[in-house]
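Below: the structure, in structure tokens.
The values are calculated or read from the model by the stated rules, or taken from the named source; none is laboratory data. Bear in mind the structure is a predicted one, so any value in this text is a computation, not a measurement. When we count neighbours, we look across all protein chains shown, and the Cβ atoms used for this are built from the backbone with ideal geometry, even at glycine. To get the accessible areas, we keep the full protein, side chains included, count just its heavy atoms, and leave off ligands, DNA and RNA. Shrake-Rupley method; radii C 1.70, N 1.55, O 1.52, S 1.80 Å.
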Amino acid sequence: MNTERYQRQIILGGFGIESQQRLTEAKVLVIGAGGLGCPALQYLVAAGVGCIGIADHDVVELSNLQRQVLFGMDDIGLSKVEVAAKRLQQMNPETELILHPILINRTNIIEIISGYDLIFDGTDNFESRYLINDACVLLKKPLVFAAVSGFEGQIAIFNVANEFVISTNYRDLFPVQPVANEIPNCAENGVLGVLPGIIGTMAAGEVIKLLTKIGKPLINKLLHYNLLSQEQYEINISPSDDYQKVTTEAELMNNNIENPIQSYIEIDAERMMELSKKDSTLIIDVRERHEFPRLNAKTFQQVPMSEFDRFASSNIEADHIVLLCQHGIRSVAAAEKLHQRYGDKKRIYSLKGGIAKWRNHFFNLLV
Amino acid sequence: MEIEIISFGKISEFISNQKITIDCGTTDELKTHLENIFPHLAGMKYKLALNKNLVQQNSELKNSDSIAIMPPFSGG
């Protein structure tokens, strides 16, 4: 270790050579080399973390450059992981960089994360975030979580026990993964580049605090940050009973996570058409009457959300009830209402993604 | 009684930070009430925090409590 390089942090009271040694010995995996990952990587490498893995399967695009500050014009079309590693290695040749230019999925995640002491989640979608969380729960890996939405960010630390030996994970906060389109991502919602810069850097600070055992890391806490008001709001996370923890690799690989509070089944259009052939199936379009495209009223009974409560309290004979709307969001709310009324007596389904996703399937069924 | 509502992310687009007068005694009743007056909320995943502690089971409310309404964020 070149102590001259790290001299400014080594001389800090409460840090010292001992903390620097802890950083040198640490192995951290950063998943997602995007808006959050870029600033986190820069500061973790600069601070002298001994070994850093970078996982991302994307290539650099022009629309990334507004916030992903490791990349430039010459990098467009190149692998993010490879470009990032080249820049970072030049910043600090003492850090060993391990490249994972692949999409983390159910079959490779265990093998990839098991080689690291701490995982940083800077991904951009719920599917990856829930998978990373569940894998970290299974392997008991400390997880630093960072995410943004609009002008706000969230940061938390999971799977690290506090002084009362209590640890929490993302499912204690949000037990069930939101369905596609329920919560917009940055591509749909937009993001000001400086926000992931701030949140990624704050989360890198949490990584350094955890590794060097200084300060009060955000263990069992969720920090909200608002760029527009510069306000922060911190809440305490406690364990939840609303989900079952993954206990084996097989469960994780098969996505066999039972969610007892899941009261309906999300289906695709093919499954809906199969169900429609049964006499005991009722398909309900919960969009308002002015919405397009209009569907064949014989197959799709129209009960707008504004009238749904009255319908839900009537006696429905069908055993299978499929709900649909434009994007599959209102139909979920309708499914929950029906489940409250009928419990497990009826099978309730929601068309995932709604009519917008399965437009071609509906084409023949339009009036 | 009067409670303070603090909202985050997409939820703050249709529920602004405000003080509201309610006759709900518990967080479950408050949830039903909020989903009635803000129907968008019923279709979303969200969690409540009562005085900065995550609500994991039905809890009693008292005057001047603060309730945070938080959606999950996924962006990066």
Expressed in whole Å with the largest first, what are the equivalent ellipsoid semi-axes of the stretch A:199-259 derived from the C-alpha gyration tensor as the square root of 5 times each eigenvalue? 30, 17, 12
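Taking the Cβ-Cβ separation of A:Asn2 and A:Asp242 as r and a Förster radius of 45 Å, what is the calculated FRET efficiency to the nearest 0.05? Provide the component values of the computation, followed by the final result.
Numbers: r = 49 Å, r/R0 = 1.10.
Approximately 0.35, to the nearest 0.05.
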Cα gyration tensor shape of the stretch B:2-70, rounded if a/c is under 1.5, else prolate or oblate by comparing a/b with b/c: rounded
Backbone HN-Hα couplings from phi across the stretch A:36-46 [Karplus 6.51/-1.76/1.60, Hz, Gly and Pro as x]: 8, x, 4, x, 4, 4, 4, 6, 5, 5, 4
With every protein chain left in place and a probe of 1.4 Å, what is the accessible surface of A:Thr107, to the nearest 10 Å²? 100
Can you run the Rg to Rh ratio on the protein assembly as shown? Use alpha carbon positions and the Kirkwood inverse-distance Rh. 1.00
Interface residues of the stretch A:215-242, defined as losing at least 50 Å² of accessible area versus the chain alone with a 1.4 Å probe, are A:His224, A:Tyr233, A:Ile235, A:Asn236
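Roughly what percent of Cα-Cα pairs across the stretch A:219-367 reach past 28 Å?
So the pairs more than 28 Å apart make up 37 percent of the total in the stretch A:219-367.
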Leading residue at positive end of dipole, the protein assembly as shown (Cβ point charges), from B:Pro71, A:Leu62, A:Val83: A:Leu62
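Would you please classify the overall shape of the stretch A:1-123 from the alpha carbon gyration tensor, given that a ≥ b ≥ c denote the square roots of the eigenvalues, rounded means a/c under 1.5, and beyond that prolate means a/b larger than b/c while oblate covers the rest? Mind showing how you got there, number by number?
Numbers: a/c = 2.37, a/b = 1.45, b/c = 1.63.
Because a/c hits 1.5 or more and a/b fails to exceed b/c, the stretch A:1-123 counts as oblate.
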Choose one answer from A:Ile199, A:Ile155, A:Ile214: the residue with the largest mean-square fluctuation in a GNM of chain A with alpha-carbon springs under 10 Å. A:Ile214
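Give the accessible surface of the stretch A:265-363 per residue, rounded to a whole number of Å², with probe radius 1.4 Å and ligands, DNA and RNA excluded. Present the calculation step by step, with values, prior to reporting the outcome.
On the way: 5320 Å² over 99 residues.
Value for the stretch A:265-363: 54 Å² per residue.
Work out the length of the dipole vector of the protein assembly as shown about its Cα centre, built from +1 on the beta-carbon of each Lys and Arg and -1 on the beta-carbon of each Asp and Glu, and round it to the nearest 20 debye.
Using only the charged Cβ atoms, the result is roughly 260 debye.
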Taking Cα atoms, the helix B:27-37 axis meets the longest principal axis of chain B at an angle in degrees (rounded to 10) of 60
Under a 5 Å amide H to amide H cut-off, with H placed in plane at 1.01 Å, what residues pair with A:Gly53 once short-range neighbours are removed? A:Val28, A:Leu29, A:Val30, A:Ile98
Contact-by-burial set, the stretch A:121-140, min loss 10 Å², accessible area of protein heavy atoms with 1.4 Å probe, reference chain alone, gives A:Asp124, A:Phe126, A:Arg129
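Take every Cα pair under 8 Å in the stretch A:64-127 that's 6+ residues apart, average their separations, divide by the length, and report that relative contact order as a whole percent. Spell out each step's value before the answer.
On the way: 21 pairs, mean separation 13.4, N = 64.
Value for the stretch A:64-127: 21 percent.
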What residues of the stretch B:54-74 lose no less than 10 Å² of accessible area with every protein chain in place versus their chain by itself (probe 1.4 Å, heavy atoms only)? B:Leu54, B:Gln56, B:Ala68, B:Met70, B:Pro71, B:Pro72, B:Phe73, B:Ser74
Among A:Ala84, A:Ala26, A:Ala356, which one shows the biggest mean-square fluctuation in a GNM of chain A, springs joining Cα atoms closer than 10 Å? A:Ala356
Can you tell me which aspartates and glutamates have their Cα less than 17 Å from the Cα of B:Lys62? Leave out same-chain residues fewer than eight positions away. B:Glu2, B:Glu4, B:Asp23, B:Asp28, B:Glu29
Loop sites only, by DSSP: take the GluC sites (Glu not before Pro) in chain A that have at most 15 other C-beta atoms within 10 Å and name the longest stretch containing none of them. A:164-257
Could you calculate the FRET efficiency of A:Glu234 with A:Ser280 from 1/(1 + (r/R0)^6), where r is the beta carbon distance between them and R0 is 41 Å, rounded to 0.05? 0.25
If you count only protein heavy atoms and use a 1.4 Å probe, how large is the accessible surface of A:Phe300, to the nearest 10 Å²? 10
Quick one: what are the phi-derived ³J(HN,Hα) couplings along the stretch A:211-225, Karplus 6.51/-1.76/1.60 with θ = phi - 60°, whole Hz, x for glycine and proline? 5, 9, 6, 10, x, 10, x, 7, 6, 6, 10, 10, 9, 9, 10
Can you compute the helix-only [θ] at 222 nm over chain A? Use -39500 (n - 2.57) per DSSP H run of at least 4 residues, normalise by all residues, nearest 500 deg cm²/dmol. -9500 deg cm²/dmol
Of A:Lys213/B:Lys10; A:Lys221/A:Lys345; A:Lys140/A:Lys345; A:Lys80/A:Lys352; A:Lys27/A:Lys216; A:Lys209/B:Lys45, which ones are farther than 27 Å apart at the Cα? A:Lys213/B:Lys10; A:Lys221/A:Lys345; A:Lys140/A:Lys345; A:Lys80/A:Lys352; A:Lys209/B:Lys45
iface B-A | buried accessible area, total | probe 1.4 Å | Å², round 100 | 2800
Decide, for the stretch A:7-254, between rounded, prolate and oblate: order the square roots of the alpha carbon gyration tensor eigenvalues as a ≥ b ≥ c, take rounded if a/c falls under 1.5, and otherwise choose prolate if a/b is larger than b/c, else oblate. rounded
Value of relative contact order over the stretch A:7-254, rounded to a whole percent, pairs C-alpha under 8 Å and six or more apart: 21
